[in-house]
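Asks: Got a structure here, written out as structure tokens. Questions coming.
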Amino acid sequence: MSFQNPVFIPGPTNLPESIRKACDMPTLDHRSPAFARIFKPAVEGVRRVLKMDAGEVILIPSTGTGGWEAAVSNTLSPGDTVLAARFGMFSHRWIDLCQRHGLNVQIIETPWGQGAPLAAIEAALKADKSIKAVLATHNETATGVKSDIAGIRRAMDAAGHGAMLMVDGVSSIGSMPFEFSAWGVDIAVAGSQKGFMLPAGLAILGISPKAISAMETATLPRTFFDFKDMLTSYARGGFPYTPPVGLIAGLAHAIELLESECLDNVYARHHRLAEGVRRAITAWGMTPYAATPDLYSDTVTAVKVPAGCDGTALVQLAASKYGVAFGVGLGEVAGKVFRIGHLGMLTDVMVLSGLATAEMCMADLGWPITLGSGVAAAQDYYRGTVPALAMAAE
Ligand SMILES: *Cc1c(COP(=O)(O)O)cnc(C)c1O
């Protein structure tokens with residue numbers, strides 16, 4: 001088939017045509033002033049999306065995982081203690097990365113489906129003043145759980161603790177409200193291929209003045225990811241090595257798109273799309289894996305499948321029979337959930353097509369649902385909540 005359906009995975013997300021075009025650039029000398037003209041709007045745009053009053057933006061040819069590595073290796077030293085809650089595959093992988101870097105990770109084991117446990121974080125910080133950083137996964141993409149980053153900052157302040165706050169915002173930034181400065185975030189990590197609607201290939205970070213000063217004494221090795229090399233070159237309008245110019249141009253354009261819709265409208269759109277999905281799964285007699293409504297993610301829903309059903313089988317059938325991508329359950333929830341990504345370039349009408357496809361697969365697999373039930377519930381919700389402002393035309 002030469003036509004392509006939208007994807008419903010939580011990254012990479014659907015690529016708007018105008019972003020694809022913005023990325024498509026002729027070769028350009030990255031040591032020329034032309035590069036600075038492309039680079040600067042991208043960096044300034046990220047600063048606005050993250051809501052940074054101070055600090056610096058760093059763009060690295062990498063992915064979100066590289067962003068984690070950059071955050072850790074630039075600000076910490078071997079043997080340093082960091083605090084992290086583990087409640088899904090992505091929080092787990094960041095912990096694993098820290099351990100492989102020789103850090104001492106104090107892990108708060110938390111049931112999957114829950115978010116960052118604020119009281120336990122506060123207690124751990126009160127008990128150990130040597131903790132150098134608190135790691136938080138803002139949106140756990142494996143379980144569809146959002147955590148309260150402002151609450152973590154309050155817990156840190158209540159403990160009177162001076163640790164850095166490092167936030168994985170890979171599947172939230174650009175789609176859900178994020179407040180770098182107001183939440184006292186020291187490092188925020190994003191990737192190009194989720195809320196920014198770009199191809200994979202850029203790690204996007206915000207770093208606070210405190211993280212910048214931590215760089216001075218941190219001894220973990222870093223070369224490719226060295227923030228200092230980055231900042232030195234940035235100051236001259238350049239890059240320490242060959243930058244992916246097309247992606248950076250695409251990033252500036254992606255931010256133009258987000259801002260032309262208005263960030264608050266982008267967040268409201270994601271909430272509305274997500275709520276329609278939740279209405280649909282309720283109509284199927286299913287529930288989100290996230291334990292309580294305050295934890296529901298607006299970018300991805302992990303749908304708990306009925307006993308005796310296999311979420312992975314649904315994802316495989318959707319791909320092989322209908323050419324539609326959903327996310328499989330990862331790790332502890334493999335088979336127990338399937339995931340519907342609802343972030344990036346999506347409209348209510350597109351989401352309805354995904355829900356309809358999921359229903360066809362469920363019927364094919366003999367799951368106990370009525371065709372159209374979830375779609376109808378989402379339709380009712382979408383009909384009643386059409387925003388006053390239509391999405392900005394491209
Ligand atoms: C996708 C994702 C990552 C990993 O990002 P890559 O770009 O695949 O390296 C990390 N954390 C979260 C929360 C994610 O959703």
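Asks: Rounded, prolate or oblate for region 75-129? Axes are the square roots of the Cα gyration tensor eigenvalues, ordered a ≥ b ≥ c, and the cut-off for rounded is a/c under 1.5.
Replies: Oblate, because a/c is 1.5 or more while a/b does not exceed b/c.
Asks: Cα centroids of region 26-98 and region 252-314: how far apart, whole angstrom?
Replies: 25
Asks: OK, next. When the accessible area of region 210-280 is computed with all protein chains present and a 1.4 Å probe, what percentage of it is carbon and sulfur?
Replies: The value for region 210-280 is 56 percent carbon and sulfur by accessible area.
Asks: Per residue, how much accessible area does region 17-259 show when a 1.4 Å probe rolls over the protein heavy atoms, in square angstrom?
Replies: For region 17-259, the per-residue accessible area is 36 Å².
Asks: How compact is region 215-268 by the rule of thumb for globular proteins, expressed as Cα Rg over 2.2 N^0.38 Å? Kindly include the intermediate steps, with their values, before the conclusion.
Replies: Values: Rg = 15.9 Å, N = 54, 2.2 N^0.38 = 10.0 Å.
After normalising by residue count via 2.2 N^0.38 Å, the value is 1.59.
Asks: Here's a follow-up. Answer with one residue from G162, F39, G250: the one whose Cα lies farthest towards the positive end of the charge dipole of the chain, charges on Cβ with Lys, Arg +1 and Asp, Glu -1.
Replies: Farthest towards the positive pole: F39.
Asks: List every residue whose amide H lies under 5 Å from the amide H of L165, counting only residues 5 or more places away in sequence or on a different chain, with H placed 1.01 Å from N in the peptide plane.
Replies: When sequence neighbours closer than 5 places are left aside, the close amide H contacts are V134, D186, I187.
Asks: All other residues with a Cβ under 12 Å from the Cβ of Y381 taken together, and with Lys, Arg as +1 and Asp, Glu as -1, what is their net charge? Before the final figure, lay out the partial values.
Replies: Values: positive: R272, R278, R279, R383; negative: E275, D348, D380.
After counting each charged neighbour, the total is +1.
Asks: Separate question: Counting only residues 5 or more places away or on other chains, whose amide H sits under 5 Å from the amide H of V105 once H atoms are built in the peptide plane?
Replies: Under 5 Å from the amide H of V105: V82.
Asks: Could you give each residue of region 171-186 its phi-based ³J(HN,Hα) in whole Hz, using Karplus coefficients 6.51, -1.76, 1.60 with θ = phi - 60°, and x for Gly or Pro?
Replies: Rounded to whole hertz, the list is 9, 10, 5, x, 10, 10, x, 9, 10, 3, 6, 5, 8, x, 7, 9.
Asks: Quick one: which of K51/K126; K194/K336; K210/K304; K210/K336; K126/K146 span more than 32 angstrom between C-alpha atoms?
Replies: As for pairs spanning more than 32 Å Cα to Cα, those are K210/K304; K210/K336.
Asks: Give the calculated FRET efficiency between R20 and A319 to the nearest 0.05, with a Förster radius of 22 Å applied to their Cβ-Cβ distance.
Replies: 0.45
Asks: Next question, about the same structure. Tabulate in residue order the Karplus-calculated ³J(HN,Hα) for region 18-30, using 6.51 cos²θ - 1.76 cosθ + 1.60 with θ = phi - 60°, rounded to whole Hz; enter x for Gly and Pro.
Replies: 5, 6, 4, 5, 5, 6, 8, 10, x, 4, 9, 6, 6
Asks: Take every Cα-Cα distance within region 17-259, group them into 5 Å bins from 0 onward, and report for each bin the whole-number percent of pairs it holds.
Replies: With 5 Å bins starting at 0, P(r) equals 1, 7, 15, 19, 20, 16, 11, 7, 3, 1, 0, 0.
Asks: Between E179 and S2, what FRET efficiency follows from the Cβ-Cβ distance if R0 is 41 Å, with the result rounded to 0.05?
Replies: Result of the calculation: an efficiency of 0.40.
Asks: While we're here: Applying 1/(1 + (r/R0)^6) with R0 = 30 Å to the Cβ-Cβ distance of M350 and A200, what FRET efficiency is obtained, to the nearest 0.05?
Replies: Values: r = 21 Å, r/R0 = 0.70.
The calculated FRET efficiency here is 0.90.
Asks: Helix-derived [θ] at 222 nm for the chain: sum -39500 (n - 2.57) over DSSP H runs of at least 4, divide by residue count, nearest 500?
Replies: -12500 deg cm²/dmol
Asks: Under the rule of at least 5 residues apart or a separate chain, name every residue whose amide H is placed under 5 Å from the amide H of I9.
Replies: Under 5 Å from the amide H of I9: G341.
Asks: Right, something else. If I histogram all Cα-Cα distances within region 155-225 using bins 5 Å wide from 0, what percent of pairs lands in each bin?
Replies: Going from the shortest bin to the longest, the percentages are 3, 14, 21, 22, 18, 13, 7, 1, 0.
Asks: Round to the nearest 10 and report in Å² the accessible area of K304, as given by a 1.4 Å probe over the protein chains' heavy atoms.
Replies: 90
Asks: Using the Karplus equation 6.51 cos²θ - 1.76 cosθ + 1.60 (θ = phi - 60°), what ³J(HN,Hα) coupling, rounded to whole Hz, does each residue of region 283-298 give in order, writing x for Gly and Pro?
Replies: 5, 6, x, 10, 9, x, 5, 4, 5, 9, x, 5, 9, 4, 7, 8
Asks: If you don't mind, there's one more thing I want to ask. Students often forget the sequence filter, so: which aspartates and glutamates lie under 18 Å Cα-Cα from K228 once same-chain residues fewer than 8 apart are removed?
Replies: E56, E69, D186, E216
Asks: A follow-up question, please. Excluding ligands, DNA and RNA, what is the solvent-accessible area per residue of region 262-393 at a probe of 1.4 Å, expressed in Å²?
Replies: Per residue, region 262-393 has 41 Å² of solvent-accessible surface.
Asks: Averaged across orientations, what area in nm² does the convex hull of the alpha carbons in region 262-393 project?
Replies: Working: hull surface 32.8 nm².
So the mean shadow area of the Cα hull is 8.2 nm².
Asks: If you don't mind, there's one more thing I want to ask. Measure off, as a whole percent, the carbon and sulfur share of the 1.4 Å-probe accessible area of region 72-186, all protein chains present.
Replies: Solvent-exposed carbon and sulfur of region 72-186 make up 52 percent of the total.
The values are calculated or read from the model by the stated rules, or taken from the named source; none is laboratory data. None of these values were measured; they are calculated from a predicted model. Cβ sites come from the backbone with ideal geometry, for glycine too, and all protein chains shown count toward neighbours. These accessible areas exclude ligands, DNA and RNA; they are computed on the full protein's heavy atoms, side chains included. Shrake-Rupley method; radii C 1.70, N 1.55, O 1.52, S 1.80 Å.
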